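Colleague: Before anything else, here's the structure in question.
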Amino acid sequence: MAEPGAAALTTADGMPLRAALARASRRARLRAALLVAPLLLFVLVSFVWPIGQMLLRSVNNVQFAANMPELTAWFAANPRGTPVDEAAFAALAADLRLAAASRTVGTVGTRINYELPGSRSLFTATGRAAGGLEPPYREALLALNPDWGREELWTVMRGASARYTANFYLAALDLRRDAGGGIVRVAPEQRVYVSLFLRTFALSAVITVVCLALGFPVAHLLATLPVRRANMLMILVLLPFWTSLLVRTSSWIVLLQGQGVVNNVLVALGIVDEGGRLSMMYNQTGTIVAMTHILLPFMILPLYSVMKTIPPAYARAARSLGATSWTTFRRIYLPLTVPGIGAGAMLVFILAVGYYITPALVGGASGQLISNQIAFHMQNTLNWSLAAALAALLLAAVLLLYWLYDRLVGIDNMKLG
Amino acid sequence: MAAIPSHASALERLWALTFRVICGLVLLFLIAPILVIIPLSFNAEPYFTFTERMLTLDPEGYSLRWYDNLLTFGMVAPDAPRDAGWWADAWNNATWVRAAKNSAIVGVFATVLATVLGTLAALGLARSEMPARKAVMAILVSPMIVPIIISATGVFFFYSNPGLPLPKLALDPPALRLDFDWKLAGTYLGIILAHTTLGIPFVIITVTATLTGFDRSLVRAAASLGAGPVRTFFRVQMPLILPGVISGALFAFVTSFDEVVMVLFIGAHDQQTIPRAMWNGIREQISPSILAVATVLVVVSVALLTAVELLRRRSERLRGMSPG
Amino acid sequence: MTTRTLLATSALALGLASGTAAQEITVLGWGGAYTNSQVKAFHEPFTAATGIRVISVDADNPATPIKAMVEANNVTVDVASIEYADAVRMCDEGLLEPIDPASLPPAPDGTPAVDDFLPGTLTECMAGTDVFATIYAYDTTKFAGDPPATIADFFDLQRFPGKRGVRRGAKATLEMALMGDGVPADQVYAVLGTPEGVDRAFAKLDTIKSEIVWWQAGSQPPQLLADGEVVMTIAWNGRIFNAAVGEGKPFAIVWDGQVYEPEGYAMPRGTPNKDAAMQFIAFATSTEPLARAAEWISYGPTRRSSAPLVGVFQIDGKTPMPPNLPTSPENLTNALFSSYEFWVDYDAELNERFNAWLLAN
């Protein structure tokens, strides 16, 4: 490398060596970047961008404002704390009439219903009668339904009139704003998401631990057997890995359902009687068993590749120094396998947290995970903003784990088969 | 624990035996569910359990009816004589045959795209000069890590391109919306692109793994002998990394071949793939036909696995990493 | 396979799938025996008469994907079979195309369509195809001596132990829970309109929650019964009838506490083939096809002129259909007509509550 002062060094064509080297390395960097660019661009456009765009829906809040222009204007003109006056009720009546005519009153009611359950019917019923409303509007609306006077309703409508909102994140955490705008927990019978997140993490943790318990001995066996026999057994690990997820899920349904193979064998052997067939499908048991089966190879493979590199001489040395086999395992072998345990456990946990297909097919009601709830809001309730907020929280958790994985294991060290 | 040493104590022998039994049970747990469906798919009865006649190996207890059903289900005239017209009917209309064609079309195109783009990128990523290497790698591998429901949801909105005609949604942040006058949802291209994205991490991981063992001096040697970069790539680098590329391609193919959530979200009815049809079958009426499809898919995965294993061994031999 | 043959095959397959030659429409149905009845009575005769191909696709409840399709601007079906309350609600929300009653053919005796359709089966956006009932059915081999007979028996785990199949949704489930708790049919909606009534319905469901197997698609409950996964299940009457009479399954229907409702065809707003779709709806909801459909599944026709034309069950060729329809007088002794007014307003909020209840353990 040229010293800063030594300007004398030049290339054959008279260029300073430093400049030539810098140009060469710039070219090399550019060439590498150009090779990666098409794919990076593709992934950014077809993957990162769509997800970002979807996540924006979690703060996007237009259903109310777009269809209730006058009331939105009243909220904008009068700060929080202004008493709800006749002008506000007049704006409300005008907007309801407009919304009923343009068939958007259901949309508006649905939006308010997200935060104040039971109020969609208030909007649709009032919308049908809105044509006959006469001033004074306050009395007219309260006469139709006294709920129009509820302070809480007006707080929710004010929140819904804003262009952007954080309320869907509150909803995703079982929180809401009370009449004064403070953050409180929702009614007990509506608290679902926090416990669902906890359930998702708890089930994923159980699956990870079971995978580790089942995978560790097998990985050890594979790593210590002679190559030829290990390769034979490795096929048994890799075949499930290569077999369709849906095939494996249907296998478990066939095995575990009430009239399935396992129950039939138990009944035939007299272990349980006809009425005592075990429920192992369409509940948490089904989800745990099927997901453990599906994710087990992701535990065995990283464990195996780490165990393969541990020289057997270490254990022999410990034994020759008088350690028992248990001590040897605990003090010598186990610490050496920690990188493999970390890699496998993190990968299994990350994949389990986002699982959708298997719980949807075998989970029944109690084996559902957060992904299933996101799909439910996407496809059934069409509360896309809440789906996006739940997705954002899940994504944040997964990306945090992914970052940890990269720090501890390194993406480069990910192995497939 | 290759063999139990002769000096082992009785307790150690017992433990070694127990250990092998445990391993055997775990391996059984892994493989049994896959094997159990194979005989059941030949069940003559519409049940999912072994009938008495099956257990006594009575040939009457077995039949190919569910495989036949794969061909006839969805046909216009399944009971017509099996001549050329019948086969044309099966080819064009049978639900599972159409699903297989769709899976093949989507799988092949997604694999080709993912493999070409992924291999190029892996070549760049393997160079030490690559700027922001770790960050780029993290982005490119992320489709494997991000929960599929999130990817599918994002792609669903992006490909349906909701916007202008609907006042409710037209107020989306306008700067963040790309407006095409055509949409990708409900098209083959849409599914192919979505599956390409999902297959890319596998190509990147396998090809970069092959490249870590690659000796760069070979490239420099070729260059010093006067070969251009393209010629060097095809004559020197490509033959050496080919096994990695092919197994990456197989991974990408199997990812697409097994993918159901993207198809659920963006596929129209005429883009039903095999997993999509299985999803319907499992959710609604799980008939033994599902087991027949499953058996066919197991045979396909055995073939793919064999191919990948052979490639892996060849690659290790080529790079001198294992005696083979 | 060489690259060239591969490309040729894929091009061929793409061409076939997009159907360049003949016109075609896509009809979204409920799957299983119900879709089959519509294929036999509507799709096949329509294609024979017009040459327009009908592609049949299924959903658990077609109203749900229709709403998502219209909102996401990605409409891929032309006609959908939806329940009455959903038709009214979605029409109110501008998600469906209006149907002009004048474009529907009159009865054979010349009665205009508006007078021929039963009250409530022809709405602004829906032309009724049939009246179906949500009932519960049991496996006769499981209760030989003392079979369940009333809606209360469904909730009686002491006398009738075993798993129950229940639809994963609030509609009809909550009404049946209240009737099972002793609320007379004519008071169900008054009770369900109050917060205490809703609590009461959920409390009743709580008593059997641990024994419930949830289903989503209409073809699942007969399958659950047949597989022995449940001993009794809430279901749609036609599915059970077809499995029992058509396939000889040992199923019996309990009509006590049934909830009946019309359903029909509607077009999502922005349907790609509106004219052909309207042509299909006019054909399917004319007198003769409606009567034929009722011979393929035990759902009552929606036109007065169709009723006398309904004959025997097409699958076994002998069972007369009229006594097996939800609207047959002997099946109506303790029956509830599903209130669209109620569900139009409360569908979203009660399903939200239902979903929260389901997830809570």
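The values are calculated or read from the model by the stated rules, or taken from the named source; none is laboratory data. Keep in mind it's a predicted model, so treat the numbers as computed, not measured. Here Cβ is always computed from backbone atoms with ideal geometry, including for glycine, and neighbour counts include all displayed protein chains.
Colleague: Please count how many residues of region B:184-239 are polar (S, T, N, Q) and either under 18 Å from residue A:35 (Cβ atoms) or in contact with a strand residue (DSSP E or B) (Cβ under 9 Å, 6 or more places away or on another chain) (or both).
Modeller: Number satisfying all stated conditions: 7.
Colleague: Further question on the same structure: Right, residue B:260: in contact with a Lys or Arg (Cβ under 7 Å, 6 or more places away or on another chain), at the interface with another protein chain (Cβ under 8 Å from one of its Cβ atoms) and not acidic (Asp, Glu) or not?
Modeller: yes
Let's see how each residue does on (1) part of a helix (DSSP H, G or I); (2) touching a Leu at 6+ places or on another chain (Cβ under 6 Å):
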position	(1), (2)
A:213	yes, no
A:219	yes, yes
A:231	yes, no
A:246	yes, no
A:252	yes, no
A:258	no, no
A:265	yes, no
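Colleague: Next question. Quick one: how many residues across region B:236-245 are modelled with pLDDT of 85 or more and surrounded by fewer than 18 Cβ atoms within 10 Å (Cβ to Cβ)?
Modeller: The total comes to 1.
Colleague: If you don't mind, another one. With respect to residue A:318, determine if the residue is in contact with a Ser or Thr (Cβ under 7 Å, 6 or more places away or on another chain), within 11 Å of chain B (Cβ to nearest Cβ) and surrounded by fewer than 24 Cβ atoms within 10 Å (Cβ to Cβ).
Modeller: When the stated conditions are applied, residue A:318 does not pass them.
Colleague: For a quick check of your reading: which helices (runs of 4 or more DSSP H) sit entirely within region A:1-109 and have at least 2 residues that are more than 10 Å from chain B (Cβ to nearest Cβ) and in contact with a helix residue (DSSP H, G or I) (Cβ under 6 Å, 6 or more places away or on another chain)?
Modeller: Counting at least 2 such residues, we get A:69-77, A:86-101.
A quick yes/no check of all residues on (1) closer than 30 Å to residue B:203 by Cβ; (2) in contact with a strand residue (DSSP E or B) (Cβ under 9 Å, 6 or more places away or on another chain); (3) not small (Gly, Ala, Ser):
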| residue | (1), (2), (3) |
| --- | --- |
| B:56 | no, no, yes |
| B:61 | no, yes, no |
| B:71 | no, no, yes |
| B:97 | yes, no, yes |
| B:110 | yes, no, no |
| B:115 | yes, no, yes |
| B:118 | yes, no, no |
| B:126 | yes, no, no |
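Colleague: OK, next. Look at residue C:264 and say whether it is crowded, with 24+ Cβ neighbours inside 10 Å, assigned to a strand (DSSP E or B) and under 19 Å from the mean Cα position of the chain (by Cα).
Modeller: Taking the combined requirement at face value, the residue satisfies it.
Colleague: Pick out the one residue from B:10, B:44 that is free of Cβ contacts under 8 Å to residues at least 24 places away in the same chain, over 30 Å from residue B:68 (Cβ atoms), more than 10 Å from chain A (Cβ to nearest Cβ) and not acidic (Asp, Glu).
Modeller: Step by step, each of B:10, B:44 is checked, and only B:10 is free of Cβ contacts under 8 Å to residues at least 24 places away in the same chain, over 30 Å from residue B:68 (Cβ atoms), more than 10 Å from chain A (Cβ to nearest Cβ) and not acidic (Asp, Glu).
Colleague: Quick test of your reading of the structure: residue A:195 fulfils all but one of (1) surrounded by fewer than 18 Cβ atoms within 10 Å (Cβ to Cβ); (2) closer than 22 Å to residue C:341 by Cβ; (3) small (Gly, Ala, Ser). Name the failing condition by number.
Modeller: Among (1) surrounded by fewer than 18 Cβ atoms within 10 Å (Cβ to Cβ); (2) closer than 22 Å to residue C:341 by Cβ; (3) small (Gly, Ala, Ser), the lone unmet condition for residue A:195 is (2).
Colleague: Would you mention how many residues in region C:74-112 are part of a loop (DSSP other than H, G, I, E, B) and either hydroxyl-bearing (Ser, Thr, Tyr) or touching a strand residue (DSSP E or B) at 6+ places or on another chain (Cβ under 8 Å) (or both)?
Modeller: 9
Colleague: Restricted to region A:372-391, and to residues that are more than 9 Å from chain B (Cβ to nearest Cβ) and farther than 16 Å from residue A:192 by Cβ, which residue is surrounded by the most Cβ atoms within 10 Å (Cβ to Cβ)?
Modeller: A:385
Colleague: Here is a list: C:347, C:316. Which entry is at pLDDT below 95, assigned to a helix (DSSP H, G or I) and surrounded by fewer than 24 Cβ atoms within 10 Å (Cβ to Cβ)?
Modeller: Step by step, each of C:347, C:316 is checked, and only C:347 is at pLDDT below 95, assigned to a helix (DSSP H, G or I) and surrounded by fewer than 24 Cβ atoms within 10 Å (Cβ to Cβ).
Colleague: Would you check which residues across region B:273-305 are more than 9 Å from every other protein chain (Cβ to nearest Cβ) and modelled with pLDDT of 90 or more and list them?
Modeller: Across region B:273-305, the qualifying residues are B:273, B:276, B:277, B:292, B:296, B:299, B:303.
Colleague: Being facing chain A (nearest Cβ under 7 Å), in a helix (DSSP H, G or I) and without any contact (Cβ under 8 Å) to a residue 24 or more places away in the chain is the filter here; which residues of region B:102-144 pass it?
Modeller: B:120, B:124, B:136, B:138, B:139
Colleague: Sticking with this one: For residue C:116, indicate whether it is more than 14 Å from chain B (Cβ to nearest Cβ) and out of contact with any strand residue (DSSP E or B) (no Cβ under 8 Å at 6 or more places or on another chain).
Modeller: No; evaluated as a whole, the condition is false for this residue.
Colleague: Also, I was wondering about something else. Taking the options A:260, A:275, name whichever one is more than 11 Å from chain B (Cβ to nearest Cβ) and not acidic (Asp, Glu).
Modeller: Checking each option against the conditions leaves just A:275.
Colleague: Still on this structure, I have one more. Considering only residues that are modelled with pLDDT under 90 and either of a type in the set (S, T, N, Q) or buried (at least 18 other Cβ atoms within 10 Å of the Cβ) (or both), which ones fall in region A:128-154?
Modeller: Scanning region A:128-154 gives A:130, A:133.
Colleague: Sticking with this one: Quick one: which of A:281, A:291 is surrounded by 19 or more Cβ atoms within 10 Å (Cβ to Cβ), in a loop (DSSP other than H, G, I, E, B) and among the hydrophobic types (A, V, I, L, M, F, W, C)?
Modeller: Answer to the check: A:281.
Colleague: Need pairs with beta-carbon distance below 7 Å; first residue under 23 Å from residue B:309 (Cα atoms) and more than 7 Å from every other protein chain (Cβ to nearest Cβ) and within region A:233-254, second surrounded by fewer than 20 Cβ atoms within 10 Å (Cβ to Cβ) and not charged (D, E, K, R); sequence gap 6+ or separate chains.
Modeller: That search, which allows pairs on different chains as well, returns A:241/A:417.
Colleague: How many of the residues in region A:358-417 are within 30 Å of residue B:212 (Cα to Cα), without any contact (Cβ under 8 Å) to a residue 60 or more places away in the chain and among the aliphatic types (A, V, I, L, M)?
Modeller: 6
Colleague: Let me ask something else. All but one of (1) free of Cβ contacts under 8 Å to residues at least 40 places away in the same chain; (2) under 15 Å from residue C:41 (Cβ atoms) hold for residue C:322; which doesn't?
Modeller: For residue C:322, the failing item is (2).
Colleague: While we're looking at this one, here's another question. Can you tell me which of (1) among the basic types (Lys, Arg); (2) in contact with a strand residue (DSSP E or B) (Cβ under 6 Å, 6 or more places away or on another chain); (3) in a helix (DSSP H, G or I) is the one residue C:353 doesn't meet?
Modeller: Unmet condition: (2).
Colleague: Can you go through A:333, A:304 and tell me which one is within 12 Å of another protein chain (Cβ to nearest Cβ), at pLDDT 90 or above and in a helix (DSSP H, G or I)?
Modeller: A:333
Colleague: Residue under question is residue A:130, and the condition is that it be over 21 Å from residue C:349 (Cα atoms) and either assigned to a helix (DSSP H, G or I) or facing another protein chain (nearest Cβ under 9 Å) (or both); does it hold?
Modeller: Yes: the conditions hold for residue A:130.
Colleague: Can you pull out every residue in region B:47-99 that is touching a residue at least 24 places away in the same chain (Cβ under 8 Å), more than 30 Å from residue C:229 (Cβ to Cβ) and not basic (Lys, Arg)?
Modeller: B:97
Colleague: Being touching a strand residue (DSSP E or B) at 6+ places or on another chain (Cβ under 8 Å) and over 19 Å from residue A:293 (Cα atoms) is true for just one of A:391, A:397, A:365. Which residue is that?
Modeller: The conditions single out A:365.
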